[in-house]
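Undergrad: One structure follows; several queries about it will come next.
The values are calculated or read from the model by the stated rules, or taken from the named source; none is laboratory data. Everything numeric here is computed off the predicted structure, so don't read it as measured data. So basically every Cβ, Gly included, is an ideal-geometry build from the backbone, and we count neighbours across all protein chains shown. Side chains are part of the model used for accessible areas, which takes the heavy atoms of the whole protein and leaves out ligands, DNA and RNA. Shrake-Rupley method; radii C 1.70, N 1.55, O 1.52, S 1.80 Å.
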Amino acid sequence: MGLISGQNHSEATHPMMLVNDENYQECIEECVEHLGQFMQEHSDHASTFQGIYDGLCALQTAHHDESLDKFDTLLIQQTYGYHFYTMILHTKDHELLTQELLNALAVIEHFTFALLCPCTGIFRVLMDREIPVLEKLTALLGHFQKAIKECEPKESRRLQRALSSVIARLIEATEAIAIAIADEPSMSEVTDAVGDWQNAADEYDAVFVEAFHEHYMPFGCVKGHHLIHEIDKGIANLNGQLKNAIHKELEV
């Protein structure tokens, strides 16, 4: 395939153009092989690249693990991306690698995220238009909870203290609206469910800004922040859609 070796492509070909759905696994295997060889040949620096190597191996394993859904694999990708961007932005370790290997590691990070990101966040909102808003919102809130747990431990504990109860309340309120609609209740019951949801959504918006946006550190600064930010874009969009729908219904 030659993502690193340069076989079967010209010098003008961008590395991203060499990866597709069919050869993706082969590309990861090539990166694992070449990075492993580099670590063996430069044993003094092996520990420096262990996180990236472990992330590649985890992605390689996940590709064959049918028990993992796309979001679970995306969480693995975020760990790999964290180590990659930390190396690129906050150290000079990448200068030890050949340009070909560095390009290949970057391609795997970019392509994997592009491959998996439609499963959540704003990408899922825009692409899965046939799925009801309440169903998508419940799914994204579940993803949000998982993403917080997969942050680096200190940040995970901070976010869970600040956001766990708020997220749980919004999930409960979202499910209550869905149940209320399905059971064909009285208008007063729907109004109560809607009121509870609006309060929960407003609380989520306020607490999230304080707990996350003021601390947001993308790309290799804090593990998990990039994914949480993407998921919140989807939640915010769905909250807005639901608020608009409620407003129009109450006007009628």
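Undergrad: Considering only the stretch 94-131, state which residues are outside any helix (DSSP H, G or I) and either touching a helix residue (DSSP H, G or I) at 6+ places or on another chain (Cβ under 6 Å) or surrounded by fewer than 18 Cβ atoms within 10 Å (Cβ to Cβ) (or both). Spell out how you get there, then give the answer.
TA: First, pick out the residues of the stretch 94-131 that are outside any helix (DSSP H, G or I): 97-98, 120, 128-131.
Once the filter is applied, which keeps residues that are outside any helix (DSSP H, G or I) and either touching a helix residue (DSSP H, G or I) at 6+ places or on another chain (Cβ under 6 Å) or surrounded by fewer than 18 Cβ atoms within 10 Å (Cβ to Cβ) (or both), the stretch 94-131 yields Thr98, Thr120, Asp128, Arg129, Glu130, Ile131.
Undergrad: May I ask you to say which residue of Thr73, Thr86 is at pLDDT 95 or above, in a helix (DSSP H, G or I), at negative phi and of a type in the set (Val, Ile, Thr)?
TA: Step by step, each of Thr73, Thr86 is checked, and only Thr73 is at pLDDT 95 or above, in a helix (DSSP H, G or I), at negative phi and of a type in the set (Val, Ile, Thr).
Undergrad: Continuing with this model, one more query. How many residues does the stretch 46-90 hold that are closer than 15 Å to Ile108 by Cα and of a type in the set (S, T, N, Q)?
TA: Total satisfying the criteria: 6.
Undergrad: In the stretch 37-60, what residues are part of a helix (DSSP H, G or I) and touching a Leu at 6+ places or on another chain (Cβ under 9 Å)?
TA: Of everything in the stretch 37-60, those that are part of a helix (DSSP H, G or I) and touching a Leu at 6+ places or on another chain (Cβ under 9 Å) turn out to be Phe38, His45, Thr48, Phe49, Ile52, Tyr53, Leu56.
Undergrad: Shifting gears a bit: Glu11 fails exactly one of the following numbered conditions: (1) of a type in the set (D, E, K, R); (2) more than 30 Å from Gly142 (Cβ to Cβ); (3) modelled with pLDDT under 90; (4) under 26 Å from the mean Cα position of the chain (by Cα). What is the number of that condition?
TA: Among (1) of a type in the set (D, E, K, R); (2) more than 30 Å from Gly142 (Cβ to Cβ); (3) modelled with pLDDT under 90; (4) under 26 Å from the mean Cα position of the chain (by Cα), Glu11 violates only (4).
Quick grid of which residues meet (1) modelled with pLDDT of 90 or more; (2) closer than 21 Å to Lys154 by Cα; (3) in contact with a Leu (Cβ under 9 Å, 6 or more places away or on another chain); (4) of a type outside the set (Phe, Trp, Tyr):
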| residue | (1), (2), (3), (4) |
| --- | --- |
| Val166 | yes, yes, no, yes |
| Val190 | no, no, no, yes |
| Ala193 | no, no, no, yes |
| Glu203 | yes, no, yes, yes |
| Ala206 | yes, no, no, yes |
| Lys223 | no, yes, no, yes |
| Ile228 | yes, yes, yes, yes |
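Undergrad: Scan the stretch 209-227 and tell me whether some residue there is open to solvent by less than 50 Å² (accessible area, probe 1.4 Å), free of Cβ contacts under 8 Å to residues at least 12 places away in the same chain, under 19 Å from the mean Cα position of the chain (by Cα) and closer than 26 Å to Cys117 by Cα.
TA: yes
Undergrad: Any idea which of (1) modelled with pLDDT under 90; (2) open to solvent by 60 Å² or more (accessible area, probe 1.4 Å); (3) not in a loop (DSSP other than H, G, I, E, B) is the one Asn20 doesn't satisfy?
TA: So Asn20 meets the others, but not (3).
Undergrad: Leu101: farther than 25 Å from Leu140 by Cα and of a type outside the set (D, E, K, R), yes or no?
TA: yes
Undergrad: Can you list residue pairs whose Cβ atoms sit under 7 Å apart, with the first residue in the stretch 109-123 being more than 14 Å from Tyr80 (Cα to Cα) and the second being open to solvent by 40 Å² or more (accessible area, probe 1.4 Å) and assigned to a helix (DSSP H, G or I)? Count only pairs 6 or more apart in sequence or on different chains.
TA: Cys117/Phe123; Pro118/Arg124; Pro118/Met127; Cys119/Lys70; Gly121/Lys233; Ile122/Lys233; Ile122/Asn237
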